[in-house]
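Presented below is the structure to which this report refers.
The values are calculated or read from the model by the stated rules, or taken from the named source; none is laboratory data. If you're wondering where the values come from, they're calculated on a predicted model, not measured in any experiment. Quick reminder, even Gly has a Cβ in these numbers, built from the backbone with ideal geometry, and neighbours come from all protein chains shown.
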Amino acid sequence: MLGWALVFAVLAVVAGYFGFLGLAGLAATIAKVLFVVFLVLLVASFVVRAVRGQSVV
């Protein structure tokens, strides 16, 4: 998921460079949403592993 967020972030930069501002804005929004989802799932994974008594690192 983090990989897709990076892909959309790069797409936003490239589209903005070439003047496709609408597409750049959309790609940037998608990248932000995917990054937040990634962070939420990462924290949830850490919490579940900590509750089970497993190492989180």
Odd one out for V37 among (1) in contact (Cβ under 8 Å) with a residue 24 or more places away in the chain; (2) in a loop (DSSP other than H, G, I, E, B): (2)
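When you check V56 against the structure, is it surrounded by 10 or more Cβ atoms within 10 Å (Cβ to Cβ) and either not in a loop (DSSP other than H, G, I, E, B) or not aliphatic (A, V, I, L, M) (or both), yes or no?
Working: surrounded by 10 or more Cβ atoms within 10 Å (Cβ to Cβ): yes; either not in a loop (DSSP other than H, G, I, E, B) or not aliphatic (A, V, I, L, M) (or both): no.
Answer is no for this residue.
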Failed condition for V56, given (1) in contact with a Lys or Arg (Cβ under 9 Å, 6 or more places away or on another chain); (2) modelled with pLDDT of 90 or more: (2)
Leading residue by the ranking (nearest to the chain's Cα centre (by Cα)) among those in the stretch 24-50 that are surrounded by 15 or more Cβ atoms within 10 Å (Cβ to Cβ) and of a type outside the set (A, V, I, L, M): F35
Any pair with Cβ under 8 angstrom, 6 or more apart, that starts in the stretch 1-19 at a residue that is aromatic (F, W, Y) and ends at one that is assigned to a helix (DSSP H, G or I): W4/L34; F8/A27; F8/A28; F8/I30; F8/A31; F8/L34
